[in-house]
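Engineer: Submitted below is the structure of interest, expressed as structure tokens.
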Amino acid sequence: MSIIDLRSDTVTTPSPAMRKAIAVAEVGDDVFEDDPTVISLENKVAQILGHEAALFVPSGTMANQVSLRMLASPGDEILCERGTHIVNYEVAAASALSGIQLTPIDSPNGILTPDLIRPFIRPENIHHPNTAVLAVENTHNRAGGRVYPMELLPKIGDLARKHNLKYYLDGARIWNAAAFHGVSPSEIAREFDAVSVCFSKGLGAPVGSAVASSKANIKRARRIRKMLGGGMRQVGIVAAGALFALENNLDRIPEDHRRAKMLATMLAEANLFGNNPEEVQTNIVVIDLPESLILDSFINDLKSDGLLVVPFGISRIRAVAHLNIDDADIKKAAEILIKTAKLKI
Ligand SMILES: Cc1ncc(COP(=O)(O)O)c(C=O)c1O
């Protein structure tokens with residue numbers, strides 16, 4: 001039985017052409033800053049994001065943790081939305097590794113606004129943590145791949161600057177946000193003091209992320225990466241996959257968005273699930289299950305029929321369109337979801 005894997009956009013496998021680029025990559029020792037493929041990738045990322053410099057790191061989690069440590073110090077506080085990856089999916093790394101407190105702000109749809117943030121910026125007082133950074137996630141995974149409106153980003157940036165806060169973007173899926181708005185990634189990234197991006201999500205590389213910022217910040221980030229054990233040697237072999245992904249897979253991202261919308265529309269037409277196709281902005285579809293369905297057993301039934309999804313809350317699943325999914329997969333996935341739900345309701 002063929003399996004349709006919609007668990008995440010991280011499940012893609014490298015194409016033969018990407019594997020070829022990896023096989024022939026020129027390499028050197030990157031801790032000595034000698035790896036030409038890594039240097040090319042870092043230069044390209046800096047250029048695409050409109051920042052002075054960039055640093056290749058093994059994962060999105062390390063990109064976030066290097067960035068937070070680069071922008072804040074132990075005893076500082078970082079403001080962010082409650083559903084963000086740094087709050088929910090990084091094993092409390094900011095507090096465990098860097099002594100940084102994350103202060104989550106609630107938002108009805110995952111998107112922060114100056115009005116939501118303002119009450120959380122603390123005045124200087126010996127009792128308070130020092131509010132040092134404002135972090136946003138765009139697109140926002142737990143909010144179903146939701147995108148920040150373009151006009152909101154500089155408004156939040158102005159608030160951050162007014163209060164001397166650094167402005168940070170977890171841009172693991174900045175590619176999707178840029179595709180949604182029809183802008184270049186730099187138009188989003190330029191608003192921020194530092195930005196992280198991932199190559200192993202929408203872009204389909206097997207491994208890798210990057211942090212972009214000023215030259216001085218990236219020099220510091222390089223030391224922090226080493227401290228966290230992320231200094232890698234002949235890692236051009238991996239960077240080559242990321243370079244290939246940037247050069248070949250950026251322009252096709254709108255296809256994933258169209259397919260996610262297609263899945264959501266087919267499900268809405270069946271009138272069984274609580275999902276609204278209008279809310280699907282990028283490649284992520286969040287599906288609310290009818291009350292009578294038990295989450296774990298529904299997911300197992302889907303699996304037996306050849307469809308993989310992940311739980312995404314008490315009565316919710318997530319399905320993600322990606323590079324290895326075509327229109328036929330989406331149609332089949334919708335059929336399996338509808339058939340399985342009908343049997344159980
Ligand atoms: C928004 C966001 N940031 C960061 C990460 C972390 O990436 P990684 O799994 O490569 O550590 C993810 C992973 O899904 C993510 O969705």
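The values are calculated or read from the model by the stated rules, or taken from the named source; none is laboratory data. Predicted, not measured: the structure shown is a model, and the values here were computed from it. In this analysis, Cβ positions are derived from the backbone assuming ideal geometry, glycine residues included, and neighbour counts consider all displayed protein chains. To get the accessible areas, we keep the full protein, side chains included, count just its heavy atoms, and leave off ligands, DNA and RNA. Shrake-Rupley method; radii C 1.70, N 1.55, O 1.52, S 1.80 Å.
Engineer: For region 287-321, enumerate the residues that are touching a strand residue (DSSP E or B) at 6+ places or on another chain (Cβ under 9 Å) and over 25 Å from Ser2 (Cβ atoms).
Structural biologist: Hits for region 287-321 are Asp288, Gly313, Ser315, Arg316.
Engineer: May I ask you to verify whether Ala216 is small (Gly, Ala, Ser) and either open to solvent by less than 50 Å² (accessible area, probe 1.4 Å) or modelled with pLDDT under 95 (or both)?
Structural biologist: Taking the combined requirement at face value, the residue does not satisfy it.
Engineer: Can you name every residue in region 67-77 that is small (Gly, Ala, Ser) and either over 21 Å from Glu33 (Cα atoms) or open to solvent by 10 Å² or more (accessible area, probe 1.4 Å) (or both)? Let's see the steps before the verdict.
Structural biologist: Step one: list which residues in region 67-77 are small (Gly, Ala, Ser), which gives 67, 72-73, 75.
Hits for region 67-77 are Ala72, Ser73, Gly75.
Engineer: Looking at (1) within 16 Å of Met62 (Cβ to Cβ); (2) basic (Lys, Arg); (3) surrounded by fewer than 17 Cβ atoms within 10 Å (Cβ to Cβ), can you tell me which one Arg225 breaks?
Structural biologist: (3)
Engineer: Now for a separate question. Inside region 307-329, can you point out the residues that are part of a helix (DSSP H, G or I) and under 22 Å from the mean Cα position of the chain (by Cα)?
Structural biologist: Quick first cut of region 307-329, residues part of a helix (DSSP H, G or I) only: 327-329.
Those that are part of a helix (DSSP H, G or I) and under 22 Å from the mean Cα position of the chain (by Cα): none in region 307-329.
Engineer: Tell me which of these Asn64 doesn't satisfy, since it passes every other one: (1) open to solvent by 20 Å² or more (accessible area, probe 1.4 Å); (2) within 14 Å of the ligand (Cβ to nearest atom).
Structural biologist: The single condition Asn64 does not satisfy is (1).
Engineer: Right, something else. Name every residue in region 121-156 that is part of a loop (DSSP other than H, G, I, E, B), within 30 Å of Thr10 (Cβ to Cβ) and more than 16 Å from the ligand (Cβ to nearest atom), in order of residue number.
Structural biologist: Passing the criteria: Pro149, Met150.
Engineer: I'm trying to understand the selection: among the residues of region 196-213, which are of a type in the set (Val, Ile, Thr), buried (at least 24 other Cβ atoms within 10 Å of the Cβ) and within 27 Å of Ala319 (Cβ to Cβ)?
Structural biologist: Here is the first cut: in region 196-213, the residues of a type in the set (Val, Ile, Thr) are 197, 207, 211.
Of the ones still in play, those that are also buried (at least 24 other Cβ atoms within 10 Å of the Cβ) are 197, 211.
Val197 - this is the single residue of region 196-213 that is of a type in the set (Val, Ile, Thr), buried (at least 24 other Cβ atoms within 10 Å of the Cβ) and within 27 Å of Ala319 (Cβ to Cβ).
Engineer: Filter region 1-29 down to the residues that are more than 16 Å from the ligand (Cβ to nearest atom), among the hydrophobic types (A, V, I, L, M, F, W, C) and at pLDDT 95 or above and list them by number.
Structural biologist: Of everything in region 1-29, those that are more than 16 Å from the ligand (Cβ to nearest atom), among the hydrophobic types (A, V, I, L, M, F, W, C) and at pLDDT 95 or above turn out to be Ile3, Ile4, Ala17, Met18, Ala21, Ile22, Ala23, Val24, Ala25, Val27.
Engineer: Under 6 Å between Cβ atoms, at least 6 apart or on separate chains: pull out the pairs that start in region 86-100 with a residue that is under 13 Å from His140 (Cα atoms) and end on any residue that is outside any loop (DSSP other than H, G, I, E, B) and away from the ligand (no atom under 13 Å from the Cβ).
Structural biologist: Val87/Leu102; Val87/Pro104
Engineer: Turning to a different aspect of this structure: For region 78-104, which residues satisfy the criterion of being of a type in the set (Val, Ile, Thr) and surrounded by fewer than 17 Cβ atoms within 10 Å (Cβ to Cβ)?
Structural biologist: Within region 78-104, the first condition is being of a type in the set (Val, Ile, Thr), and the residues that meet it are 78, 84, 86-87, 91, 100, 103.
Matches in region 78-104: Val91, Thr103.
Engineer: Of all residues in region 289-319, count the ones that are open to solvent by 50 Å² or more (accessible area, probe 1.4 Å) and closer than 30 Å to Ala178 by Cα.
Structural biologist: Number satisfying all stated conditions: 2.
Engineer: For Val136, all conditions in the list (1) aliphatic (A, V, I, L, M); (2) free of Cβ contacts under 8 Å to residues at least 12 places away in the same chain; (3) touching a strand residue (DSSP E or B) at 6+ places or on another chain (Cβ under 7 Å) hold save one; what is the number of the exception?
Structural biologist: Result: Val136 fails condition (2) only.
Engineer: Going by what's in this entry, would Asn88 be described as within 15 Å of the ligand (Cβ to nearest atom), over 27 Å from Ser184 (Cβ atoms) and not hydroxyl-bearing (Ser, Thr, Tyr)?
Structural biologist: Values: within 15 Å of the ligand (Cβ to nearest atom): yes; over 27 Å from Ser184 (Cβ atoms): yes; not hydroxyl-bearing (Ser, Thr, Tyr): yes.
Spelling it out, Asn88 is indeed within 15 Å of the ligand (Cβ to nearest atom), over 27 Å from Ser184 (Cβ atoms) and not hydroxyl-bearing (Ser, Thr, Tyr).
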